[in-house]
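*Asks:* Dropping the structure in here first, questions after.
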Amino acid sequence: MREEPIPHGFAFSAISAVKNPGCIWTGRSGRARMAAWEVMEMAKLEEQLLQDLRRLPLADLHAVHDFVRVLLQEPEVLTPEERAEVEAGEAEIARGEYVRWEDVRRTK
């Protein structure tokens, strides 16, 4: 099985994946390894995400963008105080002290 760089643009990647089903795609860093079917799945997901994003108001788009930027950053190292807060929150959850998203979200 041969390896090739993942082509730029998921649409191009999906076409390449169909033409080269046995190929393993690698990212520029050499770390990301994807089978052709994974490239095709990414192309589908990208299109679904774009359709959903186009329906959001501008304020929500900014929030989504901020969230994505956080996901792309290196993991944070928590301070001892933050670690204590996380542990306290986990203890609250273990005691059943939480609210379900379904019960507080704006829309159903």
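*Asks:* Hey, any hits in region 22-40 for a residue that's among the aromatic types (Phe, Trp, Tyr) and at pLDDT below 80?
*Replies:* yes
*Asks:* If you don't mind, another one. Report the residue count in region 47-75 for those that are outside any helix (DSSP H, G or I) and surrounded by 10 or more Cβ atoms within 10 Å (Cβ to Cβ). So that I can check it myself, show each step before the final result.
*Replies:* Applying the first criterion (outside any helix (DSSP H, G or I)) to region 47-75 yields 55-57, 73-75.
Subsequent filtering for residues that are surrounded by 10 or more Cβ atoms within 10 Å (Cβ to Cβ) retains 56.
Going through region 47-75 one residue at a time, the tally reaches 1.
The values are calculated or read from the model by the stated rules, or taken from the named source; none is laboratory data. If you're wondering where the values come from, they're calculated on a predicted model, not measured in any experiment. Glycine also receives a Cβ, built like all others from the backbone with ideal geometry; neighbour counts cover every protein chain displayed.
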